[in-house]
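Undergrad: Structure below; questions to follow.
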Amino acid sequence: MKMTEYIAIYAAIIATSTFIWNIVTWILNKRKLKLECRFVVMRGTIESPHVGEFIEYKILNVSDKPLRVSSISGTTSTPNGKGYFSLASTEIPRSISPMDSFSLYKEAPHIFNSNLRSLHIEDSVGRIYKMKRSSLKKLKRKGETYPRTYEDQESVTAYNPSMQEIN
């Protein structure tokens, strides 16, 4: 074999590996949001004068592209079948920078118990990112031990109570 044949084989190997690397990075470079929820008890401070039990909705952008969150919503089991709810907030829609997050605190609704079926966020393009099933089960278990109950079981749509300020 001549030296030019060795150079041609080396160039073919480099070109093939570069092509495969570009395909792999293209596949792994998907837009992705992650939703985390947890129960929080706020006692009230000078910086944050809110008191009560709240749910912290933490939305993480785990991709390298900015994404715009358009809604946080989910489904519940109702006596009449499947019910839908949406979290109404002045902070949503909101853009999230790459590898960044933001948190939203809302008073815990009565639907965070065994009737909660799914919880998800939707971006401005219409993609839906569901909460992990294991995280949802933990949230439901915590919601079953949650001390507050709400009388109005029908007001599931656009649930948006105001925050309470300390005196």
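The values are calculated or read from the model by the stated rules, or taken from the named source; none is laboratory data. These figures come from a predicted structure and were not determined experimentally. Cβ coordinates were reconstructed from backbone atoms using ideal geometry, including for glycine residues, and neighbour counts include every protein chain displayed. Note: accessible area is taken over every heavy atom of the protein model, side chains too, but ligands, DNA and RNA are not part of it. Shrake-Rupley method; radii C 1.70, N 1.55, O 1.52, S 1.80 Å.
So that you can scan it fast, the table gives a plain yes or no per residue for (1) among the hydroxyl-bearing types (Ser, Thr, Tyr); (2) over 13 Å from the mean Cα position of the chain (by Cα):
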residue: Val69; (1), (2): no, no
residue: Ser73; (1), (2): yes, no
residue: Pro79; (1), (2): no, yes
residue: Ser89; (1), (2): yes, yes
residue: Arg94; (1), (2): no, no
residue: Pro98; (1), (2): no, yes
residue: Glu107; (1), (2): no, yes
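Undergrad: Considering only strands (runs of 3 or more DSSP E) fully contained in region 57-102, which possess at least 2 residues that are among the aromatic types (Phe, Trp, Tyr) and closer than 23 Å to Arg38 by Cβ?
TA: On the way: elements: 67-78, 81-86, 94-96.
Of the strands (runs of 3 or more DSSP E) lying wholly inside region 57-102, those with at least 2 residues that are among the aromatic types (Phe, Trp, Tyr) and closer than 23 Å to Arg38 by Cβ span 81-86.
Undergrad: Can you list residue pairs whose Cβ atoms sit under 7 Å apart, with the first residue in region 123-139 being under 21 Å from Lys65 (Cβ atoms) and the second being of a type in the set (D, E, K, R) and open to solvent by less than 70 Å² (accessible area, probe 1.4 Å)? Count only pairs 6 or more apart in sequence or on different chains.
TA: Note: pairs meeting the criteria are Ile128/Glu122.
Undergrad: Testing Thr90 on (1) modelled with pLDDT of 80 or more; (2) of a type outside the set (Gly, Ala, Ser); (3) surrounded by fewer than 16 Cβ atoms within 10 Å (Cβ to Cβ), one condition comes back false. Which one is that?
TA: Of everything listed in (1) modelled with pLDDT of 80 or more; (2) of a type outside the set (Gly, Ala, Ser); (3) surrounded by fewer than 16 Cβ atoms within 10 Å (Cβ to Cβ), Thr90 misses just condition (1).
Undergrad: Something else about it: When only residues in region 1-60 that are at pLDDT below 85 and farther than 29 Å from Ser95 by Cα count, which is surrounded by the fewest Cβ atoms within 10 Å (Cβ to Cβ)?
TA: Here the answer is Met1.
Undergrad: Just for region 112-163: of the residues that are part of a helix (DSSP H, G or I) and modelled with pLDDT under 80, which one is most open to solvent (accessible area, probe 1.4 Å)?
TA: First, the residues of region 112-163 that are part of a helix (DSSP H, G or I): 133-144.
Those left that are additionally modelled with pLDDT under 80: 139-144.
On the way: Leu139: 8, Lys140: 53, Arg141: 145, Lys142: 111, Gly143: 10, Glu144: 112 Å².
Restricting to residues being part of a helix (DSSP H, G or I) and modelled with pLDDT under 80, the top hit is Arg141.
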